[in-house]
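In what follows, a single structure is set out as C-alpha cells and then discussed.
The values are calculated or read from the model by the stated rules, or taken from the named source; none is laboratory data. No experiment lies behind these values; they were computed from the predicted model shown. Methodologically, a virtual Cβ is constructed for each residue, glycine included, from the backbone with ideal geometry; neighbour enumeration extends over all protein chains shown.
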Amino acid sequence: MTHDHYDDAFIADWLNSVRTIAVVGASPKPERPSHGVARFLARHGYKVFAVNPGQAGRDIAGLPTYARLADIPEPIDMVDVFRNPHYLPGVVAEALALSPRPKLIWSQLGVRDDAAAAMAEAAGVAVIMDRCPAIEIPRLGLKPVA
C-alpha cells in the first residue's frame, strides 16, 4: 500500500472499528501533543493505555502507563506511535510480537518509515502514517465510540 494518501473512508473505518489503543511515547507533560492526544482519545470513548518506560506504574493523562506493549494486560487494537521515525521499526517489531497482534499501527505527524510499514503489512497489520487521530476524528465528524 502507498502511504502518500489515505481515503477518508479508510481512515474513518479504522477509527470506528478500533476500541483499545496504546499510545507509545506518551508524555506526562500536559503541554506535549502525545499527552493531549491520549487524553482526547480516552474522552472520545476509546480505552487508552500509555506506554512510556520511564513512567511505568504512574499515570499519564489519567491513564495507566506501561513500560512496553507486552506489559499491557489486554489485547490492543491500535498502536499509536509518538516516537522519532528512527524508532518505528522497533515499535512495529514489538507490536508484531504480541498475541493477538494489533489490527492497526498508526504513526503520528512526522513519523514515517515505509520499510516498517511494509513489515507490519506483511504480517497482516494495517498501517496509517503521518496522521493524527485527534485531527482526523473531528475532521471526519466521527462520533465517540461505544
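Quick one: what pairs do we get from the range 88-99, first residue crowded, with 18+ Cβ neighbours inside 10 Å and at pLDDT 95 or above, second acidic (Asp, Glu) and part of a loop (DSSP other than H, G, I, E, B), C-beta under 8 Å, 6+ apart or different chains?
Leu88/Asp113
Does any residue in the range 130-146 that is in contact (Cβ under 8 Å) with a residue 40 or more places away in the chain come within less than 8 Å, Cβ to Cβ, of a residue that is in a loop (DSSP other than H, G, I, E, B) and among the small types (Gly, Ala, Ser) six or more places away or on a different chain, and which pairs are these?
So the pair list comes out as Asp130/Gly110; Pro144/Gly45; Val145/Gly45; Ala146/Gly45.
Return only the number of the condition from (1) modelled with pLDDT of 95 or more; (2) within 21 Å of Leu15 (Cα to Cα) that Arg58 does not satisfy.
Among (1) modelled with pLDDT of 95 or more; (2) within 21 Å of Leu15 (Cα to Cα), the lone unmet condition for Arg58 is (2).
In this structure, does Gly45 turn out to be part of a loop (DSSP other than H, G, I, E, B), loosely packed, with under 12 Cβ neighbours inside 10 Å and out of contact with any helix residue (DSSP H, G or I) (no Cβ under 9 Å at 6 or more places or on another chain)?
no
Quick one: in the range 118-132, of everything that is assigned to a helix (DSSP H, G or I) and loosely packed, with under 15 Cβ neighbours inside 10 Å, which residue is nearest to the chain's Cα centre (by Cα)?
Here the answer is Ala118.
With Ala38, Ala50, Ala12, Ala95 as the choices, which residue is under 15 Å from Ala134 (Cα atoms) and under 13 Å from the mean Cα position of the chain (by Cα)?
Ala38
Give me the residue from the range 1-35 that is surrounded by fewer than 16 Cβ atoms within 10 Å (Cβ to Cβ) and in contact with a helix residue (DSSP H, G or I) (Cβ under 8 Å, 6 or more places away or on another chain) and, out of that set, modelled with the lowest pLDDT.
Checking each candidate, the answer is Met1.
Being of a type in the set (Val, Ile, Thr), part of a helix (DSSP H, G or I) and either within 14 Å of Ile137 (Cβ to Cβ) or touching an Asp or Glu at 6+ places or on another chain (Cβ under 7 Å) (or both) narrows it down to one residue among Ile11, Ile21; which is it?
Of Ile11, Ile21, the one residue that is of a type in the set (Val, Ile, Thr), part of a helix (DSSP H, G or I) and either within 14 Å of Ile137 (Cβ to Cβ) or touching an Asp or Glu at 6+ places or on another chain (Cβ under 7 Å) (or both) is Ile11.
Residues of the range 55-72 being of a type in the set (A, V, I, L, M, F, W, C) and in a loop (DSSP other than H, G, I, E, B), which ones?
Result: Ala56, Ala61, Ala67, Ile72.
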